[in-house]
Every structure is written in structure tokens, then in C-alpha cells.
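Just below is one structure, and these are the notes that go with it.
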Amino acid sequence: MIAGHLAGGKLDAQEGVRDALPAPLGDLRGPFALAVWDGATLLLARDAFGQRPLWYAQRGGELWFASDPQRLRALGAPPGQIDRDALSDYLELLYVPAPASIWSGFRKLPAGHLLRAGEHGVEVRRWFELPVPGSGEKRPSRIAVRARLEQVARNADRAACVLLSGDLGSSALLGLMTRKHGRVRSFGEPDPLARRVAERFRSAHAEAAATAIDELPEALAVLAEPLGDPALVEMAARLKAAACPSVLSAAGADELFAGHPRYLRAARLPHSGRAGRAAGLMATIAPRHHRGRLQRTASAIGSKGATRARALVEVFSLEERRALIGSHARTAQGATAEVEGNADAAVAFDLEVALPDGVLAGLHAAAARAGVEFQAPFLDASLAELVVPPAARHKLGRAHGARLLRDAVADLLPRDVLMADPRPPPPAGAWLRGPLRPLLHDLLLAPSARIRALLDPRAIDETLRHSLVPRGDARQAWALLALEIWVREQRR
């Protein structure tokens, strides 16, 4: 953890601040958020992929920095108000992308960036350039990918427990760790595929059923910012049940190797301006609970590249955000890399935006709450430079993505694990229509609901009515509930 306050050329209230870099930034590996003060210049830096957070605030000639907003407040940094523009980002993506934050007075240092503050002012710039998906035509050999994966496993902490879910990424990680370090520990929820993989590698495997529903209010209330992904609650419960001080996660494997099913949809969805306009017209006359999905489909069919990538991840459409938040509705910041291919654009967005500010922010919060240290060994710069640039056709198969990873570990894993479908998302709709329905009604339908002062009450009621029907988009109701729980905690 780091924290400090810079004012008048002096650094005080410091915690975890170094007097020199341990190595040039380009040589540093793994997760870090660091601060260096040499008596004249302050340097803040965040690791290449954003595994550790770093917040800061500026006012006049003062600069505050810390690992979380609570420490910023403790140092005296003024948080300002909940930023309604950032609320629009949250409604669109279920998280707030850096450099914005949910607080108008605070900022987040983006992944792979540094901040330098001294007598000449404050400068923020990128120190690590992410490889651009689709920028290379050559497909790396299976041997080259396997060698890089083995190097990643060699550098990982052998004493840590592998979080095993039975999917390709976590199964490959356990196999690689076993090859390099011998028998290792693993844990996860009861799952037939995970159990089979653990038996194959003779890992010291522990199973614990995660009681995700019971963890909901506490897991969401302690977050630095609202996060609307239901998987966060499952992850928090799973890590809390693990008897491991350090955990290895396969986070980032889907992004590096193009393993998300969404990348296949981005690549194969036909492009037609006429069909997109037709779908858009249908959205205006369809039942209310179908309109948002139809609008997103219309946008995806009628667009390419980055615009299509955004349409496939959008939770509330721009029209729906306008109903909820009025003139503050906007389109959140996307990837800076210019990528033409549909699947490549989706990977670029995830690597630069969704991975650090959504996936890793949630994993870090869940790990911190459980009191464990997490590492994501696949998030290695040399591995990314090898497997990210090849064009999407080298990464996507007929029914699955992550071809480079599947080929590289084909001798390690059983075929049914290699070809298994990705784990389904948590059943948020079933939770909200079942055991969480009383909580949803008590918090969101009450006149005292905090978000009714931030969002349009009629639009909230309309969203709840239509998102909880069997074919509605339950993510929308979940996003509002997660936001309400978080806001209540902030205003105590």
C-alpha cells in the first residue's frame, strides 16, 4: 500500500514511498503500484495491465495519492461529489474506466501509466505500450507459445494456490505450474471438470461451495467504486472460503488469447446497414423489455470495429442512460489503439479498458476483502507481445476462441477440458427474481432509495419492471441494486 501528500515541494504523510526505482520501469514485472520521491520529483506508476490500483487528487499546488480512495480521504483530499458523468459510464459498462472515477475530485492512474510531479507541474503519460491486436500477420508456433507459457509459470509463486474453475485458462495454469514446480495447491467450487483436472495433476485440491447470495451486501458495500458484475460476488465468496494467503488466477487469459465467446460474435455477426436500421426500427415498436437488446443488436449489425465492440458490451443503451441520467449520459472512454477488425477491436477494448477497470478491479477488491494476495501470471508483457498481435483468424476456431492457448497445452489437458464451453455467468436474474427479490424491493422501490436522488425515479421503476421479466436484461436491475448498496455505504 502507498499513500502520500505533496505540497510546497515537500512530501508528508507518506506510506510505502521509495527513494529510488527498484529497476527501470520497463524491466519491472508482475503487479505493482509504486511511488518514488527523490526530494524534488514525485513519480507514481502503475503496472502494465492494471493489477494494482492507484488513485490521486489535485487541488491548486497540492497532490494526494493512495492505493484506494479511503486513504485519500484520510489524508485530507477533497473527494467532491458523485460524478454523474461517471455514473453514465457505470450504467454503460458496469464500472468506471480510468482516468475518471466515481468521485468528481478523484482520479485513477490508468494501467501502464506514470505520473510525474515536480516544480514544472504534473505530467501523466503511458510508460507501457500494449501490443495492438491484429497488428501482426504471422502466427507464432505452438512451441514458441508453450515456451513463453512455461516461463510465465516458472516466474509464478509456487507456494500460492491456483484458483481452479475447470475452464481452459485455470486448467492450463495448474498444468503448467505442476510441470515447473511439482505438486501445487488448488481450490475452487465443486465442479466436475475442475475436480478432474485437479486429479490429473494430483494437486492438493480443496473445494468450498461459495454462498454468493449471503455475501452480496458486504461484498458490494466495501468497494472503492461501484462494480456491477455479479461474478464479483461469487469471486468474493470463493476467495473468502479459500485457506490460502496467496492466490494465482488465470485472469487475463481470455483477453490475451481471445477466449471470450463475444469475440466470435464480433467476428461473425454480419454487417449490414439496412439490417441494422431494420433492427433499430423494430426496437421502437417492440415490447419495452426487448428494446435495449434490440438497440444494441441494431448498433452491432450496422457497425464495425470499435463501435461494434462497444455495442456488444453495453448494458444500458445511450437512450436508456438518457432516461436515467439526462444530459449527463455519454459514451465512456474506449481503447486508444486504432484497430480495424471486429474481433481485434473487441480484444483491444478489453485489454485497455475492461480488464484493468472491470475484471482486475473486481478481483483486487475481492482479494483485499478476503485478506489474500492475488497474482495473474498470464498478465506478462513478453507473453502479450507474442500472442496479442496475430490476426483474429489465428486465434478463433469454429466454435471456440483461444486457439493459440489450446494448441500450446493440448498435451497437458483432457480433450473435454480443452473444448469445454466457457463457464456461464452467475444467474443474476434467478437471484433477483428469487432470494434477492425482497432486498431489491426494500432498497430500490422505497422512497428513501439513495439512487433516486441521482437517477430519474420513473426510469428506475421502468427499468425494474422490464429487466426482471423472464426475457428481460437482469444485468440492468443488478446494476441498480449494486449501485444502491454502494451509495448507501458512502453516505453513512
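The values are calculated or read from the model by the stated rules, or taken from the named source; none is laboratory data. All of these numbers come straight from a predicted model, not from anything done at the bench. Virtual Cβ from ideal backbone geometry, glycine too; neighbours counted across all protein chains shown. Quick note on the areas: whole protein, heavy atoms, side chains included, nothing else; ligands and nucleic acids left out. Shrake-Rupley method; radii C 1.70, N 1.55, O 1.52, S 1.80 Å.
Below, the figures for the structure above:
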item	result
Test: residue in the range 323-335 that is crowded, with 21+ Cβ neighbours inside 10 Å and not hydrophobic (A, V, I, L, M, F, W, C)	no
Candidate set from the range 11-55 (those that are basic (Lys, Arg) and within 21 Å of residue 107 (Cα to Cα)); member that is nearest to the chain's Cα centre (by Cα)	52
Matching option when the condition is open to solvent by less than 20 Å² (accessible area, probe 1.4 Å) and at positive phi, among 228, 252	252
Residues within the range 232-246 that are open to solvent by less than 40 Å² (accessible area, probe 1.4 Å) and of a type in the set (Gly, Ala, Ser), tallied	4
Subset of the range 195-217 (residues that are open to solvent by 30 Å² or more (accessible area, probe 1.4 Å), modelled with pLDDT of 90 or more and in a helix (DSSP H, G or I))	195, 196, 199, 200
Contacts under 9 angstrom Cβ, first residue in the range 23-37 being farther than 18 Å from residue 385 by Cβ, partner hydroxyl-bearing (Ser, Thr, Tyr), 6 or more apart	33/67
Any hit, the range 127-146, residues being within 21 Å of residue 336 (Cα to Cα), β-branched (Val, Ile, Thr) and surrounded by 15 or more Cβ atoms within 10 Å (Cβ to Cβ)	yes
Identity of the residue in the range 218-242, charged (D, E, K, R) and part of a loop (DSSP other than H, G, I, E, B), that ends up farthest from the chain's Cα centre (by Cα)	225
Every residue from the range 181-194 that is in a helix (DSSP H, G or I) and either under 17 Å from residue 247 (Cα atoms) or open to solvent by 90 Å² or more (accessible area, probe 1.4 Å) (or both)	181, 192, 194
Conditions (1) touching a Ser or Thr at 6+ places or on another chain (Cβ under 7 Å); (2) within 30 Å of residue 319 (Cα to Cα); (3) not basic (Lys, Arg); number of the one not met by residue 1	(2)
